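The values are calculated or read from the model by the stated rules, or taken from the named source; none is laboratory data. No experiment lies behind these values; they were computed from the predicted model shown. Using ideal geometry, Cβ is built from the backbone for each residue, glycine included, and neighbour counts are taken over all protein chains shown. When the accessible area is computed, the model is the full protein with side chains, heavy atoms only, and any ligands, DNA or RNA have been set aside. Shrake-Rupley method; radii C 1.70, N 1.55, O 1.52, S 1.80 Å.
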Amino acid sequence: MASWNSFPLEITYETFGWLAFFSWSISFYPQVILNFRRKSVIGLNFDFVLLNLTKHTSYMIYNVCLYFSPVIQQQYFDKYGSGEMIPVAANDVAFSIHAVLLTAITLFQIVIYERGSQKVSKISIGIVSVVWLIAAICFFVALPSQSWLWLISIFNSIQVFMTAIKYIPQAVMNFMRKSTDGFSIGNILLDFTGGLANYAQMVVQSIDQNSWVNFYGNIGKTLLSLVSIFFDIIFMCQHYVLYPARKATVPSKLEREDREPLIKSIDESASEHV
């Protein structure tokens with residue numbers, strides 16, 4: 001396994017990694033807190049949460065297995081060369097575990113809080129069912145030859161696929177409602193920061209190693225950052241440009257006087273003199 005050539009770049013790598021961890025991890029809390037305060041999940045798309053849970057679970061399986069399993073690490077070195085570095089860092093593992101827990105909490109809020117007439121769509125249920133069926137089939141395919149790197153690469157591909165489609169229901173819902181009320185923009189701003197930091201971490205590693213293998217050796221992490229940034233920009237445009245929140249205005253004294261009747265009733269005049 002390769003080692004770092006530059007200590008400053010190693011520190012920069014760790015800094016970007018944990019910045020991504022904290023940004024992405026904290027990004028779950030604005031929505032959870034908003035749901036708790038409102039005691040309602042109206043405005044939050046349920047398909048987004050369900051697809052997100054599948055996405056983060058797949059990503060957790062990939063990160064945990066590649067980071068902790070010597071067998072899978074050896075298969076990685078056999079494929080990409082012993083001089084390469086494992087493209088999964090401790091912050092990736094910590095984030096993915098935390099993401100599964102917080103997404104599960106959000107799903108629980110959907111169950112207990114006011115949700116109006118919204119339900120999880122049959123399309124999303126079908127997608128999730130097919131994805132996990134494919135994962136199960138791939139497990140039994142990999143079992144005889146113990147192709148574990150190939151198997152977790154399937155899970156990495158699943159998380160990329162789920163990342164690409166999970167944002168679509170929420171974006172469409174915002175478009176149909178012409179509003180982002182009930183959907184936390186704080187979540188998006190932090191997610192955007194995490195995506196930039198995650199991508200920058202990979203760039204730093206490539207510069208130090210003078211190799212771009214980590215970008216396609218962990219293509220899931222690369223696409224995770226790029227797809228997240230793309231949709232975050234869409235959500236920010238929806239929130240700040242297309243459907244800005246309407247601020248409640250206090251009517252001026254002149255406007256209040258214009259709304260008052262020119263001739264007051266006898267009862268109102270008498271009450272004022274009393």
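Give me the percent relative contact order of the chain, please, defined on Cα pairs under 8 angstrom at least 6 residues apart.
On the way: 309 pairs, mean separation 87.7, N = 274.
32 percent.
Normalised by residue count, the chain yields a Cα convex hull volume of 179 Å³ per residue.
Loop-only trypsin sites (Lys or Arg not before Pro) in region 1-49, please: DSSP not H, G, I, E or B, and at most 10 other Cβ atoms within 10 Å. Write down the numbers at each step before the final one.
On the way: sites: 37, 38, 39; in loops: 39.
Listed in order of number, the matching sites are 39.
Scanning the chain for long hydrophobic helices, with DSSP H runs required to stretch 24 angstrom or more by C-alpha along their axis and to average at least -0.5 on the Kyte-Doolittle scale, returns 7-26, 46-68, 90-112, 122-142, 148-177, 185-209, 219-237.
A 1.4 Å probe run over the protein chains yields, for region 11-154, 49 Å² of accessible area per residue, whole-number rounding.
Determine the sum of side-chain charges near residue 42: Lys and Arg each +1, Asp and Glu each -1, restricted to other residues whose C-beta is under 14 angstrom from that of residue 42. List each step's numbers first, then the result.
Values: positive: 37, 38, 39, 115, 119, 177; negative: 114, 181.
That sum, taken over residues with Cβ under 14 Å, equals +4.
Suppose accessible area is computed on protein heavy atoms with a 1.4 Å probe; arrange 84, 14, 114 from highest to lowest.
114, 14, 84
Rg/Rh for region 20-173 (Cα atoms only, Rh after Kirkwood) is 1.03.
Of the solvent-accessible surface of region 160-253, computed with a 1.4 Å probe over protein heavy atoms with every protein chain present, carbon and sulfur atoms account for 71 percent.
Here are some pairs, 39/178; 119/166; 119/178; 55/178; which of them have Cα atoms lying more than 18 Å apart in this structure? Don't skip to the answer; put the middle values down first.
Values: 39/178 22 Å; 119/166 16 Å; 119/178 20 Å; 55/178 27 Å.
Pairs exceeding the cut-off: 39/178; 119/178; 55/178.
What the pair-distance distribution of region 1-66 shows, using all Cα-Cα distances binned every 10 Å from zero, is 16, 32, 30, 16, 7, 1 percent. Over the residues of the chain, the helix contribution to mean residue ellipticity at 222 nm works out to -24500 deg cm²/dmol, using -39500 (n - 2.57) for each DSSP H run of at least 4.
For 239, 56, give the ranking by accessible area with the largest first, probe 1.4 Å. Walk me through the numbers on the way to the answer.
Numbers: 239 40, 56 5 Å².
Putting 239, 56 in descending order of accessible area: 239, 56.
The 1.4 Å probe gives accessible areas that order 188, 61, 33, largest first, as 33, 61, 188. Cα centroid separation, region 80-129 to region 1-78: 9 Å. Computed over neighbours whose Cβ is under 13 Å from that of residue 204, the net charge equals -3, Lys and Arg +1, Asp and Glu -1. Using the Cβ of residue 173 as centre and a radius below 14 Å, the other residues enclosed give a net charge of +3, where K and R count +1 and D and E count -1.
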